[in-house]
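So the structure is just underneath, and the comments pick up after that.
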């Protein structure tokens with residue numbers, strides 16, 4: 001068998017092809033796919049022994065966010081952006097104090113405004129970035145440190161919504177340092193977070209912007225303003241791209257605001273966003289900037305930054321899209337297996353919802369129906385232009401199409417009613433559905449599981465929600481398993497097969513009738529569900545029952561509410577068997593089949 005670990009995506013893989021969609025990758029040789037064949041899946045109880053827990057054969061969860069150390073004093077290894085600032089007073093020369101004698105020190109209140117250059121898209125959004133139309137924006141919620149001549153932090157504060165800061169210190173000479181960090185300490189009953197923008201090509205160093213050492217003077221007050229410039233020189237970048245980290249930080253600030261508007265005590269934990277001017281769309285060593293594309297890898301965000309190729313630091317919808325994947329992993333759940341995807345593709349339902357959600361969530365964060373992704377020479381091309389509200393002439397609309405899904409989700413949220421859209425639920429009901437029943441659904445996460453809970457929790461909006469799905473050729477959704485599909489019936493009769501204890505089911509395989517060029521396309525996986533009432537040891541058997549070519553079936557098994565496979569079969573052979581201890585509850589299985597050599 002030739003397609004095993006390198007292309008099988010059976011267990012909660014990371015998102016590897018986001019930030020614009022499309023493209024190819026993970027391609028499967030379609031001549032190696034079975035046609036007019038069948039396999040049998042059986043479930044047999046082999047022991048009545050009491051079971052107190054599931055026996056896991058897969059212990060790691062790639063979607064778990066690992067907390068990072070909270071940033072304290074900034075190390076000398078961090079890249080520093082030195083920016084001039086104005087002191088609105090006469091600056092007196094004061095000799096540096098090297099002893100503990102404070103007689104030459106001044107107590108003064110330093111205040112100012114921290115800003116960055118934001119680069120918008122050209123009018124209409126289709127011609128890339130417009131550096132001539134830069135907008136100076138406030139750096140909100142960022143950590144500000146006052147540092148003395150010996151490099152010791154003598155004061156710390158945070159910028160407000162206007163980018164303003166103010167802090168009183170006693171020193172002689174100090175400089176202002178701004179960290180590309182949003183931090184709020186944990187406190188009982190309150191929200192908390194720690195987001196940092198770092199350089200993956202420089203030892204994961206935190207980006208900072210700082211001014212020069214200057215005397216505090218004698219008046220007791222000083223104003224020191226700092227601006228992070230874009231570094232654009234007219235036709236190329238000619239100086240430090242100081243604004244880039246703060247542009248991405250601003251998107252994260254908006255995301256925090258959106259989530260906390262729905263849940264005031266949301267605990268975000270820690271997340272690193274890695275960006276470098278050397279981050280390029282090629283695979284390899286991330287420490288060298290070879291990040292493949294902007295993506296969330298299950299623990300951190302990686303954002304493209306290569307000039308004249310693809311830069312995403314000003315593509316706010318792209319950054320927000322990837323942050324949306326983090327949000328799913330942290331607060332909700334995603335069963336997406338990742339892979340390449342495009343707006344016209346017929347995708348695995350898990351991928352379709354994951355990518356559709358990411359795009360919709362990105363637009364929700366930035367409050368825009370336009371998803372724009374710049375690229376090319378001088379960033380003058382809009383590689384992706386999507387109006388998430390545009391429908392009607394969509395290619396392959398339906399429950400397997402990410403564009404259909406992002407249109408539905410955005411219309412649920414927004415207050416602009418258009419054709420077939422009379423709904424304006426806002427973000428809070430969506431958030432409650434995502435962190436509740438969607439997170440714990442017994443099915444794989446999809447448009448079906450989400451819409452079902454949203455209708456259940458907002459019954460007065462059910463008719464309007466059905467109208468939105470109907471606009472995208474999706475018949476009314478009545479359960480989490482997608483029962484009653486009428487389009488792409490070859491892949492949905494049924495979408496899930498039901499297995500019973502002591503029974504078996506047959507799965508007919510004819511991949512020639514489906515979009516199966518990659519493993520994340522519609523029809524490559526078959527879904528099975530079953531319920532265990534009596535705990536015990538069970539045997540799951542996969543075997544070929546029809547077809548001339550020898551088949552190799554593989555599977556992954558999950559319990560409701562979990563993204564971690566509790567058992568999997570990836571062995572070569574036409575018959576595969578596994579024994580697993582199962583507790584009472586609902587289970588779901590993803591089955592994929594290849595032909596053997």
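A compact table of results
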read-out	value
Test for residue 374: is it in contact (Cβ under 8 Å) with a residue 40 or more places away in the chain, out of contact with any helix residue (DSSP H, G or I) (no Cβ under 7 Å at 6 or more places or on another chain), surrounded by 20 or more Cβ atoms within 10 Å (Cβ to Cβ) and closer than 23 Å to residue 250 by Cβ	yes
Residues being under 17 Å from residue 225 (Cβ atoms) and buried (at least 21 other Cβ atoms within 10 Å of the Cβ) - total across segment 116-142	5
Hits in segment 430-441 - residues which are over 19 Å from residue 362 (Cβ atoms), out of contact with any helix residue (DSSP H, G or I) (no Cβ under 6 Å at 6 or more places or on another chain) and buried (at least 17 other Cβ atoms within 10 Å of the Cβ)	432, 439
All positions within segment 552-577 that are in contact (Cβ under 8 Å) with a residue 24 or more places away in the chain and on the phi > 0 side of the Ramachandran plot	561
Scan of segment 335-383 for residues that are within 18 Å of the chain's Cα centre (by Cα) and modelled with pLDDT under 90, ordered by number	338, 339, 340, 341, 342, 343
Condition broken by residue 362, with the remaining ones in (1) in contact (Cβ under 8 Å) with a residue 60 or more places away in the chain; (2) assigned to a helix (DSSP H, G or I); (3) surrounded by 24 or more Cβ atoms within 10 Å (Cβ to Cβ) satisfied	(1)
Selection from segment 325-347 of residues that are closer than 19 Å to residue 385 by Cβ, crowded, with 24+ Cβ neighbours inside 10 Å and either assigned by TED's automatic domain parsing to the domain that holds residue 300 or in contact with a helix residue (DSSP H, G or I) (Cβ under 6 Å, 6 or more places away or on another chain) (or both)	341
Hits in segment 454-480 (condition: touching a helix residue (DSSP H, G or I) at 6+ places or on another chain (Cβ under 8 Å) and closer than 20 Å to residue 402 by Cβ)	454, 465, 468, 469, 471, 472, 473, 474, 475, 477, 480
Breaking point among (1) farther than 22 Å from residue 238 by Cα; (2) in contact (Cβ under 8 Å) with a residue 40 or more places away in the chain; (3) surrounded by fewer than 18 Cβ atoms within 10 Å (Cβ to Cβ); (4) within 26 Å of the chain's Cα centre (by Cα), for residue 202	(1)
Tally, over segment 377-391, of residues that are free of Cβ contacts under 8 Å to residues at least 40 places away in the same chain and in a loop (DSSP other than H, G, I, E, B)	3
Segment 267-282, residues that are farther than 15 Å from residue 320 by Cα and in contact with a strand residue (DSSP E or B) (Cβ under 6 Å, 6 or more places away or on another chain)	267, 268, 270, 276, 277, 279, 280, 281, 282
Options 486, 498: the member that is surrounded by fewer than 20 Cβ atoms within 10 Å (Cβ to Cβ), at negative phi and touching a residue at least 24 places away in the same chain (Cβ under 8 Å)	498
Total residues in segment 267-304, condition part of a strand (DSSP E or B) and farther than 25 Å from residue 193 by Cα	4
Selection count, segment 533-552, where residues are over 20 Å from residue 502 (Cα atoms) and surrounded by 15 or more Cβ atoms within 10 Å (Cβ to Cβ)	5
Single match in 475, 467 (criterion: closer than 27 Å to residue 507 by Cβ and either part of a loop (DSSP other than H, G, I, E, B) or touching a residue at least 40 places away in the same chain (Cβ under 8 Å) (or both))	475
Qualifying residue in segment 518-532 (condition: buried (at least 17 other Cβ atoms within 10 Å of the Cβ), touching a residue at least 60 places away in the same chain (Cβ under 8 Å) and farther than 25 Å from residue 490 by Cβ)	no
Residue 202 being part of a loop (DSSP other than H, G, I, E, B), under 15 Å from residue 139 (Cβ atoms) and in the same structural domain as residue 141 (by TED's automatic domain parsing)	no
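So that you can scan it fast, the table gives a plain yes or no per residue for (1) touching a residue at least 60 places away in the same chain (Cβ under 8 Å); (2) assigned to a helix (DSSP H, G or I); (3) buried (at least 18 other Cβ atoms within 10 Å of the Cβ):
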residue	(1), (2), (3)
400	yes, no, yes
403	yes, yes, yes
408	yes, yes, yes
412	no, yes, yes
415	no, no, no
422	no, no, no
443	yes, no, yes
450	yes, yes, yes
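Residue-by-condition table, conditions (1) assigned to a loop (DSSP other than H, G, I, E, B); (2) more than 37 Å from the chain's Cα centre (by Cα); (3) not assigned by TED's automatic domain parsing to the domain that holds residue 285:
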position	(1), (2), (3)
209	no, no, no
218	yes, yes, no
223	no, yes, no
227	no, no, no
234	yes, no, no
240	yes, no, no
244	no, no, no
247	no, no, no
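The values are calculated or read from the model by the stated rules, or taken from the named source; none is laboratory data. Since we're looking at a predicted model, the values are computed, not measured. Please note: Cβ atoms are built from the backbone with ideal geometry, for glycine as well, and neighbour counts cover all protein chains shown.
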